[in-house]
Amino acid sequence: MGPSDHVLAIDQGTTSTRAILFDSRAAAIAVAQRELTQHYPVRRWVEHDPEQIWEDTLAVVQEALGSVDRSRVAALGITNQRETVVVWDRETGEPVHRAIVWQDRRTADECARLKAAGAEDLVRERTGLLLDPYFSATKIAWILDNVAGARERAERGQLACGTIDCFLLWRLTGGAVHATDATNASRTLLFDIRRQCWDGELCRLFRVPEALLPQVHDNSHVFGVTAPGLLDGQLPIAGMAGDQQAALFGQACFSPGMVKSTYGTGCFVLVNTGSEPVASQHRLLTTTAYRLGGKTSFALEGSIFVAGAAVKWLRDGLGVIANASETDSLATRVSDSHGVYMVPAFVGLGAPHWDPDARAAIFGLTLDASGAHLARAALESVGYQTLDLMNAMAGDGARPSGVRIDGGMTANSWLCQFLADILQLPVERPRNLETTALGAAFLAGLATGIWPDLDAISATWQRKDCFEPAMPAERRNELLAGWRKAIARTLSAG
């Protein structure tokens, strides 16, 4: 038998559940994946079935583990779609309702009511976040208010709640551990990021009983071990982080000023701000980047709700493309977008606009506009939205010298070059694009001795490509002027 030098990462995302096995050089040895069904019971509602998530997680874990001698796997790490929340029965482990997904907007009116009552200053000061249905607290309260008897059961301590990492940890440990990590806790609107603990005043504001909430630990921490009989042998669960923080960690952005941008269903830009939380003056989020050894590092974050989801809509909603990978060839087939702009506000606009009532729109259509122009406009919208975030970050004092990118969309080299042109920054694409899962693996491996420290993790990061800005300034300014008009016409107050 060889040494225990592999780490398994569960990457439970919005559209799929994956398990990736990494070796000590951070190379992916095995990947298993299952698509996740999206449920849209009412307009603006988005739900997932927690039982499907659990069944898929077990299946992909067992498949990935089948590729190596189990004795070589030192630990398991979890990364997850953030803000998506589950409430379940402590006795049976059964969810009382489907998981309410981060994209869901059903609590927009409640957030508006709290904002009108003057609650946002307190929320921002304690959590670094804004009052928006994106976050977990109003989703939890909605479940308690709309499932018969749920609030009473919660008050009696009979129910538990948590983000997807927390639910999976509970199930993996056979109900022995109800815990989460500092990054996921910081996305609930219930967690004081400076004191690093649940906040009683916020729990009362959002009407979430503290008895529901999990313990909060460092990101690199042995949370528990898998229940006997669940897998062949027991594995320590030694790392957890929300997907965007996991990607920051997987990109080895450990120094203040380093930036990563992940392009998946949405797009999320994080800049490491070091040991002090920076209060944004431009409606960005202040969030926990990671917590190691009880010491917290913070980040500023900009969240774009729709990036790859716009390409998925072209495929599934319009039938313009049969496969997402076609957008690369379609975008290069035409010389420009023919004046077409897509503002993909399908679930409202995130940072820096935070307009839950905005709706997606396409501008500039003419009779000779084609599917290729639509595909190009969808990709270009990702670059424009990223620039809006980077401009907000610059206003808060963050002026990076480059951006490390990851996520499925970054396999598209045309998009990477467009990002460099629009951002006017070098865009670095790593050899390993699976940085979200890798971040979870690093955290678990750090707790179990696979990697001794952050320097050892940094040494594994390798750049594959660097895209340098090449677009003439006049052309860039022309494109951006069109984007600004399109955004202004999409905002709900516009």
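Annotations for the structure displayed:
Each row is one residue, and each column tells you yes or no for (1) under 24 Å from CYS197 (Cβ atoms); (2) open to solvent by less than 10 Å² (accessible area, probe 1.4 Å); (3) outside any helix (DSSP H, G or I); (4) touching a strand residue (DSSP E or B) at 6+ places or on another chain (Cβ under 8 Å).
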site: GLU83; (1), (2), (3), (4): yes, yes, yes, yes
site: TRP88; (1), (2), (3), (4): yes, yes, yes, yes
site: GLN103; (1), (2), (3), (4): no, no, yes, no
site: ARG113; (1), (2), (3), (4): no, no, no, no
site: ASP132; (1), (2), (3), (4): yes, yes, yes, no
site: PHE135; (1), (2), (3), (4): yes, yes, yes, no
site: ASP145; (1), (2), (3), (4): no, no, no, no
site: ALA148; (1), (2), (3), (4): no, no, yes, no
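- Per the listing SER275, SER255, the residue uniquely surrounded by fewer than 23 Cβ atoms within 10 Å (Cβ to Cβ) and within 24 Å of GLN462 (Cα to Cα) is SER255.
- Contacts under 7 angstrom Cβ, first residue in segment 462-481 being farther than 17 Å from THR386 by Cβ, partner assigned to a loop (DSSP other than H, G, I, E, B) and open to solvent by 80 Å² or more (accessible area, probe 1.4 Å), 6 or more apart: GLN462/ARG431; LYS464/ARG431
- The residue that is surrounded by the most Cβ atoms within 10 Å (Cβ to Cβ), among those in segment 278-305 that are closer than 13 Å to ILE193 by Cα and either over 19 Å from the mean Cα position of the chain (by Cα) or among the β-branched types (Val, Ile, Thr) (or both), is THR288.
- Taking segment 62-95 as the range and being within 26 Å of THR265 (Cβ to Cβ) and in contact with an Asp or Glu (Cβ under 8 Å, 6 or more places away or on another chain) as the test, the residues that pass are ILE78, THR79, ASN80, GLN81, ARG82, TRP88, PRO95.
- Filter result for SER381 (of a type in the set (Ser, Thr, Tyr), in contact with a strand residue (DSSP E or B) (Cβ under 8 Å, 6 or more places away or on another chain), over 30 Å from GLY239 (Cβ atoms) and buried (at least 20 other Cβ atoms within 10 Å of the Cβ)): yes
- Subset of segment 1-14 that is buried (at least 17 other Cβ atoms within 10 Å of the Cβ) and in contact with a Lys or Arg (Cβ under 9 Å, 6 or more places away or on another chain) - its residue that is modelled with the lowest pLDDT: SER4
- Every residue from segment 454-494 that is assigned to a loop (DSSP other than H, G, I, E, B), farther than 17 Å from ALA27 by Cβ and open to solvent by 70 Å² or more (accessible area, probe 1.4 Å): GLU468, ALA470, PRO472, ALA493, GLY494
- Any hit, segment 359-375, residues being open to solvent by less than 30 Å² (accessible area, probe 1.4 Å), in a helix (DSSP H, G or I), modelled with pLDDT of 85 or more and touching a strand residue (DSSP E or B) at 6+ places or on another chain (Cβ under 9 Å): yes
- Selection of segment 128-153 for residues being among the aromatic types (Phe, Trp, Tyr) and within 21 Å of HIS353 (Cβ to Cβ) yields TYR134, PHE135.
- Note on segment 91-101: residues that are touching a helix residue (DSSP H, G or I) at 6+ places or on another chain (Cβ under 9 Å) and either open to solvent by 10 Å² or more (accessible area, probe 1.4 Å) or of a type in the set (D, E, K, R) (or both) total 5.
- The single condition among (1) open to solvent by 40 Å² or more (accessible area, probe 1.4 Å); (2) in contact (Cβ under 8 Å) with a residue 60 or more places away in the chain that GLU63 does not meet is (2).
- Residue that is nearest to the chain's Cα centre (by Cα), among those in segment 327-386 that are free of Cβ contacts under 8 Å to residues at least 24 places away in the same chain and more than 20 Å from LYS312 (Cβ to Cβ): SER335
- When residues of segment 115-130 are limited to those that are part of a loop (DSSP other than H, G, I, E, B) and under 19 Å from the mean Cα position of the chain (by Cα), the one surrounded by the most Cβ atoms within 10 Å (Cβ to Cβ): GLY128
- Taken over segment 156-189, residues that are over 28 Å from THR226 (Cβ atoms) and crowded, with 22+ Cβ neighbours inside 10 Å amount to 1.
- Checked against the criterion of being surrounded by fewer than 23 Cβ atoms within 10 Å (Cβ to Cβ), touching a helix residue (DSSP H, G or I) at 6+ places or on another chain (Cβ under 8 Å) and among the aliphatic types (A, V, I, L, M), the candidates LEU36, LEU21 yield just one match: LEU36.
- Residues satisfying the stated conditions in segment 417-441, i.e. in contact with an Asp or Glu (Cβ under 7 Å, 6 or more places away or on another chain) and closer than 15 Å to GLU380 by Cβ: PHE418, ALA420
- Only one entry in ARG194, ARG207 is in contact with a Pro (Cβ under 8 Å, 6 or more places away or on another chain), in contact (Cβ under 8 Å) with a residue 60 or more places away in the chain and over 20 Å from GLY439 (Cβ atoms), namely ARG194.
The values are calculated or read from the model by the stated rules, or taken from the named source; none is laboratory data. It should be emphasised that the depicted structure is a prediction, and the values quoted were computed from it without experimental measurement. Cβ atoms come from the backbone with ideal geometry, glycine included; neighbour counts cover every protein chain shown. We work out accessible area using only protein heavy atoms, side chains counted, and drop any ligands, DNA or RNA first. Shrake-Rupley method; radii C 1.70, N 1.55, O 1.52, S 1.80 Å.
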